[in-house]
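What follows is a short report on a single structure.
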Amino acid sequence: MNPLQPAFAFNIPVRIFLGTNPEIAAGLKAEHTVVSLLEEVPVADAATEETCSLENYLALPDHTMDDRIAAARHKLGSQVLMLGHHYQRDEVIRFADATGDSYKLSKIAAETDAKYIVFCGVHFMAESADLLGRQDEQGNTIQQVILPDLNAGCSMADMAEISQVEAAWESLEKLGLTDGLVPLTYMNSTAAIKAFCGERGGLVCTSSNARRAFEWAFERGKRIFFLPDQHLGRNTGHAMGLSLDRMPVWDPWALQGGQTRLSLQASRIILWKGHCSVHQRFLPSHVDQVRAKYPGIQVIVHPECRWEVCQKADALGSTERLIQLVEESPEGSTFAIGTEIHLVNRLAKRYARPEMGSKKIITLDDSGCLCTTMYRISPQHLAWALENLVEGRVVNQISVKRSVKKWARVALDRMLEI
Ligand code: SF4
């Protein structure tokens, strides 16, 4: 049995408990993060248990959900805002009111008047929507944010746990390195990590505004402690003129982060040893291969890719920027894109049409760079979440604890200000 379901399938007023089923081991850390940050949520009414049990939905094929999603969406009208990240599957994203990368979606979430935000993305994005949502006088978020599948975590965010980060900071403090050290976290991190940064004078950034955030931090301190994506940190620092030896990597599993006192003292950016399991799959050899096969092709990649890949690429950019590069290119252009496969396939389909410029778009690595946690949001989960809403039940609400919310919001607000 799916350990996520008992709390909903039976009418037991409990906090969500996500167990230790080895079948979901890959997403386990994410689930623990969700548990630690969730507050009590409404549970299903026994009278309608049968129609609203997720198992009933999961037994049905994808295409049978289409009409149900559309009907529920219609009934809910402007009460609901559906946000879809670019890496979502086609069967889900086509129902979204707005699509975008995490930065764009967080801004939309901060501005909406809708009562419910159904976030088709991963849990740190839903957390950010809850953090940025409109608040009442007591500081409670007025909107309710729903993540259709709580298993939709992010392996990168899981690589920086708050206890590890606190321990690292303590070690750096003992070395006398925290004076002038500005903690900065990528949006792809838990709310607790965002709060950690906010409380210590730091902020959040996305791949769209990382450089501006780094400049902001260097105006206030001499060194940056960057979490959790080493690649985005290295690529941004390098683009700002820093040499690689000024950006040591802190390994949370090694003594003193696996670094000497000297290398840490000489650093300008201390990078956390985290990465995106999707983007790290792209290799420099993939760039060489597509260039050999398609002379003249432009290679454009996400800055979560390795530094060696980014060095070989023609351009780097957030998902929004990658889309823009394709959009602005002349008719007949060819691109190999290093990012998640759903976005690449969608762009390939859209721009192959003559009226869109007959542009050829391929993935940089055709072995399939799929984000498996994004993929967990299925049409069945979406229909289940929406139909429950129609019945007045909020399922899978993401609500960040107030103690975490205060400083995480500060870190996010600083980002929105830059
Ligand atoms: S693509 Fe990478 S960073 Fe984005 S949600 Fe998936 S694992 Fe996380």
Work out Dmax and Rg for the chain from the C-alpha atoms and quote the Rg first, both in angstrom.
-> 21.6, 66
5 Å binning of all Cα-Cα separations within region 57-150, expressed as whole percents from 0 upward = 3, 14, 24, 25, 18, 10, 5, 2, 0
For Ser78 and Glu308, extending 7 Å from Cα along the Cα-Cβ vector and measuring point to point gives, in nm, a value of 5.4
Which cross-chain or sequence-distant (5 or more) residues have an amide H under 5 Å from the amide H of Val118, H modelled 1.01 Å from N in plane?
-> Leu81, Met82, Leu83, Ile146
With only alpha-carbon atoms counted, please give the Rg and Dmax of region 157-275, in Å.
-> 12.4, 34
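How high is the relative contact order of the chain? Use alpha-carbon pairs under 8 Å, at least six apart in sequence, and give a whole percent.
22
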Enumerate the calculated ³J(HN,Hα) couplings along region 266-277 in order (Karplus 6.51 cos²θ - 1.76 cosθ + 1.60, θ = phi - 60°), each rounded to whole Hz, writing x wherever the residue is Gly or Pro.
-> 7, 6, 10, 10, 9, 8, 7, 7, x, 7, 8, 5
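Once you have a ≥ b ≥ c as the square roots of the Cα gyration tensor eigenvalues for region 263-418, tell me rounded if a/c is under 1.5, and otherwise prolate or oblate according to whether a/b is larger than b/c.
Oblate, since a/c reaches 1.5 and b/c is not below a/b.
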Neighbour-count ranking for Leu76, Leu227 (other C-beta within 10 angstrom, fewest to most) reads Leu76, Leu227
Alpha carbon centre of region 357-375 versus region 233-273: separation in Å?
-> 31
With the 8 Å Cα cutoff and a minimum separation of six or more residues, region 157-275 has a relative contact order in percent of 28
Report, ordered by chain and residue number, the lysines lying within cross-link reach of Lys107, taken as a straight Cα distance under 20 Å and ignoring same-chain residues fewer than 8 apart.
-> Lys115, Lys194, Lys405, Lys406
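Give me Ser329, Ser128 ranked fewest to most by other Cβ atoms within 10 Å of their Cβ, as a rough exposure proxy.
Ordered by Cβ neighbours within 10 Å, fewest first: Ser329, Ser128.
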Pair Tyr294, Asp251: separation of 7 Å Cα→Cβ label points (nm) | 3.7
Label-point separation (nm) for Asp66 and Ser243, each offset 7 Å from Cα along Cα-to-Cβ?
-> 5.9
Sequence neighbours fewer than 8 away in the same chain don't count; with that in mind, list the aspartates and glutamates whose C-alpha is under 19 Å from Lys359.
-> Asp314, Glu320, Glu327, Glu328, Glu331, Glu340
Sum -39500 (n - 2.57) across every DSSP H segment of at least 4 residues in the chain, then divide by the residue count to get the 222 nm mean residue ellipticity, nearest 500.
-> -12000 deg cm²/dmol
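All of the numbers you see were taken from the coordinates with simple rules; none came from a lab. Everything numeric in this text was worked out from a predicted model, so none of it was measured. A quick note on method: Cβ atoms are made from the backbone with ideal geometry, for glycine too, and the neighbour counts reach across all protein chains shown.
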